[in-house]
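Notes follow once the structure below has been shown.
The values are calculated or read from the model by the stated rules, or taken from the named source; none is laboratory data. This one's a predicted model, so the numbers in the text were calculated from it and none came from an experiment. Cβ coordinates were reconstructed from backbone atoms using ideal geometry, including for glycine residues, and neighbour counts include every protein chain displayed.
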Amino acid sequence: MTTSAEDPEQLHECARQLAAGELPAGWDIVPGSSYSRVAVNAGLKVYYKEFRPRSPLQRLLALLWGSRVTRARRGSDALLYAGIEAPANLAWGSLPGGGEYMFTRAAAGQDVASWLTTTLATRSGEALATRRKLLAALGIFVGRVHATGFVPGELKPGDVLADLLDDRFQFTLINNERTVKKMPPPGRMLLRNLMELNLLPPSALSRTDRMRFFVGWRRQLRELSPIEAKVVAAEAYHWAMRLMYERGQL
């Protein structure tokens, strides 16, 4: 039987098989964390994510704030409602043993980290011009997300997909389990997001690259004074460098 992305019952059967360690036709496992199994069906353009049970404390928090699947669905739905691209939810449910699953429509493009480290690694000619366009557009996008009040729980270069269409970049936020909306967004949360986006070594992201992104971001948050903006940019950069140094990545 051919699986349909529009049939929740068929997707639920795929979830049951994937959770049991089987691999239905058309599906491939994507490497993930020990707490999540991720699979993709390239033909259907659908992703599967399995949320495995965590500690008793995590289960208690789920009673208060909603399960991980519930939070992920709510985060993506809220972003889409606000006009910010996020993976569309297709189906979700519970699994034996306390786990949960969800299926989402695959978003177009590749993650920003791949663009910067592989696709646009060359610093000359058309690749350099496209790289600059990507960074400026990414700054505007993230700034718009923040100005709208949304703050992702984690915003590393791998958490944003970029697709180049008609010479313009379009972005999608993925992994929205901990995305929240707060108005105004707390400064420390914004700073953490900016720090996370800086978590690429100088060989992949130069100071000029970082500033090009930051200028685009700053234009969307005009309530920041020039001095405040400079302090935020410097602190985000130095925080990221410290973390990468401590992790042995520099």
Answer yes if at least one residue in the stretch 77-100 is within 18 Å of MET195 (Cα to Cα) and assigned to a helix (DSSP H, G or I), and no otherwise. no
Can you say whether ARG52 is modelled with pLDDT under 90, within 20 Å of the chain's Cα centre (by Cα) and over 27 Å from ASP166 (Cβ atoms), as far as the supplied structure shows? yes
Looking only at the stretch 121-176, which residues are assigned to a helix (DSSP H, G or I), acidic (Asp, Glu) and within 20 Å of ALA240 (Cα to Cα)? ASP159
Could you check MET244 against (1) part of a helix (DSSP H, G or I); (2) crowded, with 21+ Cβ neighbours inside 10 Å; (3) in contact with a Leu (Cβ under 6 Å, 6 or more places away or on another chain); (4) not acidic (Asp, Glu) and say which number it fails? (2)
Subset of the stretch 155-191 that is crowded, with 18+ Cβ neighbours inside 10 Å and farther than 18 Å from TRP115 by Cβ - its residue that is farthest from the chain's Cα centre (by Cα): PRO185
Matching residues, the stretch 206-222, being among the polar types (S, T, N, Q) and in contact with a helix residue (DSSP H, G or I) (Cβ under 8 Å, 6 or more places away or on another chain): GLN220
